[in-house]
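J.: Sharing a structure here in structure tokens format.
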């Protein structure tokens with residue numbers, strides 16, 4: 001297994017700095033559009049009823065990394081630059097969300113006008129970027145998908161089940177259980193793509 005996975009060290013993806021820039025912009029706009037729908041009342045409700053939010057945060061922040069760590073031990077994980085990862089996450093998620101919250105709060109009428117076009121446009125743009133990346137690397141995708149498909153599927157499955165059953169232990173509503181499962185499992189796919197193609201996050205070697 002380890003010998004097979006070491007082949008991935010020599011794979012070079014066809015993706016330009018310009019393509020990475022547009023991918024980052026697309027993801028930032030997606031998060032900006034999401035933030036436009038967030039109201040101050042939502043935070044007030046969280047303060048009054050924090051149970052589901054705390055469970056979701058715990059599931060994604062602690063349980064997901066723990067189970068993923070146990071999984072990647074089996075395949076000898078890649079080392080990454082944690083500082084650069086944090087910087088990228090902050091830039092791509094933190095800044096757009098804070099900006100969206102500010103605009104939504106200060107300019108509600110303007111927000112209502114731009115919310116729908118931004119959400120639709122950013123999603124379409126993001127899909128086009130993913131399709132273009134796949135097209136540019138389709139030969140590598142077909143050549144190596146068998147080495148990673150099972151692990152990706154397993155990791156996402158474990159993450160979703162962790163979120164669902166962990167929230168079930170605390171008797172969350174069915175809607176909250178599904179939300180926490182999705183948030184824990186597949187909600188980070190776009191960010192994962194941005195991190196994957198970010199040259200600042202150095203993939204070093206297999207241990």
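J.: Taking the range 38-53 only, how many residues are touching a helix residue (DSSP H, G or I) at 6+ places or on another chain (Cβ under 9 Å) and at pLDDT 80 or above?
T.: Residues that pass the stated criteria total 3.
J.: Looking only at helices (runs of 4 or more DSSP H) that lie completely in the range 26-73, which have at least 1 residues being touching a residue at least 12 places away in the same chain (Cβ under 8 Å) and surrounded by 19 or more Cβ atoms within 10 Å (Cβ to Cβ)?
T.: 51-58, 64-73
J.: Hey, another quick one. If we keep just the residues of the range 6-25 that are out of contact with any strand residue (DSSP E or B) (no Cβ under 9 Å at 6 or more places or on another chain) and either under 18 Å from residue 94 (Cα atoms) or surrounded by 14 or more Cβ atoms within 10 Å (Cβ to Cβ) (or both), which is modelled with the lowest pLDDT?
T.: Residues of the range 6-25 that are out of contact with any strand residue (DSSP E or B) (no Cβ under 9 Å at 6 or more places or on another chain), as a first pass: 7, 10-25.
Still in the running and either under 18 Å from residue 94 (Cα atoms) or surrounded by 14 or more Cβ atoms within 10 Å (Cβ to Cβ) (or both): 15, 19-25.
Working: 15: 67, 19: 71, 20: 72, 21: 77, 22: 77, 23: 74, 24: 76, 25: 80.
Within the range 6-25, the match that is modelled with the lowest pLDDT is 15.
The values are calculated or read from the model by the stated rules, or taken from the named source; none is laboratory data. Please read all numbers here as calculations on a predicted model, not as lab measurements. Ideal geometry is used to build each Cβ from the backbone, glycine not excepted, and the neighbour counts take in all protein chains shown.
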